[in-house]
């Protein structure tokens, strides 16, 4: 089946509905003249997720549904196709799509925007696939929250010290933003939840952060990274630098420094890599699998193809010679409008502009009223001021006014009311109770 554009109307095909995909489509719909082009967005999910606040969703400070923006509601003037682009024929300018219903669909295009983003970077570690929990989606954040609270229930209900110790041991691998913010937020939640249990105390819990490099939060600089590590250690969190996880078979964690422990919770946040589907797009890729782009965000050798965000290696004109823009949300949301404007310029026969953006700094939340920030690479904030700035910045960046309001209301309610510490582990297998109810037991006589 072929989905053809309106006659005499070029199609701009956007593959991916994340930061770059959503913001590019929004900009195109705003600036294109009526009838000038068809904007089509293809993504296996029907929504965009604001990833930086996933740690807060895992801790229950923000409702997960408020971190997702439904593509069809936001992009009312675009075609939205729920499915995967399995391959692209660059010569004929046709994308081959497998829809959510399993149908094969061909999408001809005039301009292609590659915005597939990234996936978790993993290593061949025994047991990781069976027991690891990622933090790249809102579903994973929900699952982590429910899992952690279920382990508190397990610990509270057992008299076996080994079972209790395992249930209350939490290992986080990766000392970047995702790892540090997630362990800090989850530890904060567990500290609150422990007060409601008779047989669980904060002293019973064990949190471990593992980082292969020599410091955590490298984007923050050495001094703020050291300060953050010291604050985590003051909360009882063990931090192991220049250390890797060698195995976690049967939830028995073995670290390279000799530390071994049983842990029911193993969270993997050790970096990202470009979406592996890029190999089927017929594009020039860099040494680490990123799409090779020019400063105009055009793919080298293919003027009709554009790329940005985590799946692209974009020259950093504001950095040192030969540097690439780091794969973070700050660059993605700023590359998107430049990309959209350049596509429109190409449609109208004008020259595209180069992307140039100087890093404005970074912010990290470390639990309620705790944070760290560096602004404009000069001003450094710690503690509550950094936490306020973290919330102000990310609250302002959540897409759509609807979601912004919902997130700020969540934060307001969290400041006025006691944190909810209810885990819904049944969400992992919601049909099990019904299946058991309709499955006759051996002692139940069958109806004639």
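Bear in mind these aren't lab numbers, they're just calculated from the coordinates by the rules spelled out. Values in this document were obtained by computation on a predicted structure and should not be read as measured data. Neighbour counts are summed over all protein chains in view; Cβ atoms, including those assigned to glycine, are modelled from backbone coordinates with ideal geometry.
The largest-to-smallest principal axis extents of the Cα set in the chain are 77, 73, 44 Å.
Each part gets one Cα centre, and for segment 314-331 versus segment 56-77 those centres are 28 Å apart.
Three semi-axes describe the equivalent ellipsoid of segment 1-85; taken as square roots of 5 times the Cα gyration tensor eigenvalues and ordered largest first, they are 29, 13, 9 Å. Computed over the chain with a Gaussian network model linking Cα atoms closer than 10 Å, the most mobile of 417, 32, 375 is 417. Sorted from greatest to least, the principal axis extents spanned by the alpha carbons of segment 71-117 come out as 33, 25, 21 Å.
Taking other Cβ atoms within 10 Å as a rough exposure proxy, 161, 242 sort from fewest to most as 161, 242.
Rounded to the nearest 5, the antiparallel percentage of DSSP beta bridges internal to segment 291-448 is 85%. Between helix 384-397 and the chain there is an angle of about 40 degrees, using the helix long axis and the longest principal axis of the Cα atoms.
Residues considered: 194, 336, 100. Largest GNM mean-square fluctuation over the chain, using C-alpha springs under 10 Å, is found at 100. Bridge orientation summary for segment 253-330: considering DSSP beta bridges with both residues in this region, about 80 percent are antiparallel. Computed from the Kirkwood radius of its Cα pairs, the Stokes-Einstein diffusion coefficient for segment 316-448 at 4 °C and 1.567 mPa s stands at 64 µm²/s. Sorted from longest to shortest, the spans of the Cα atoms of segment 171-302 along the three principal axes equal 64, 37, 31 Å. Annotation for segment 85-123 versus segment 363-440: alpha-carbon center distance of 32 Å. In vacuo Debye scattering of segment 83-193, one point per C-alpha: log10 I(q)/I(0) at q = 0.15, 0.23 Å⁻¹? Values, matching the q order: -0.83, -1.30. Exposure proxy for 296, 159: other Cβ atoms within 10 Å of each Cβ, ordered fewest to most, give 159, 296. Distances between every pair of Cα atoms in segment 15-142, grouped in 5 Å steps from 0 to the bin holding the largest one, split as 2, 9, 17, 18, 18, 15, 10, 6, 3, 1, 0, 0 percent. Helix 19-31 and the longest principal axis of the Cα set of the chain meet at an angle near 40°. In whole angstrom, how far apart do the alpha carbon centroids of segment 238-277 and segment 134-202 sit? A separation of 16 Å, based on Cα centres. The packing ranking, built from the mean of other Cβ atoms within 10 Å per residue, places the peptides 229-236, 432-439, 305-312, 384-391 in the order 305-312, 384-391, 229-236, 432-439, highest first. A Gaussian network model of the chain, with springs between Cα atoms under 10 Å, assigns the largest mean-square fluctuation among 109, 376, 408 to 376.
The angle between the Cα long axis of helix 222-234 and the main principal axis of the chain comes to about 30°, on a 0 to 90 degree scale. Panel values: segment 120-172, Kirkwood radius from alpha carbon pairs, Stokes-Einstein at 10 °C and 1.306 mPa s, translational diffusion coefficient 126 µm²/s.
Among the DSSP beta bridges whose two residues both lie in the chain, what percent are antiparallel, rounded to the nearest 5?
Counting only bridges with both partners in the chain, antiparallel ones make up about 50 percent.
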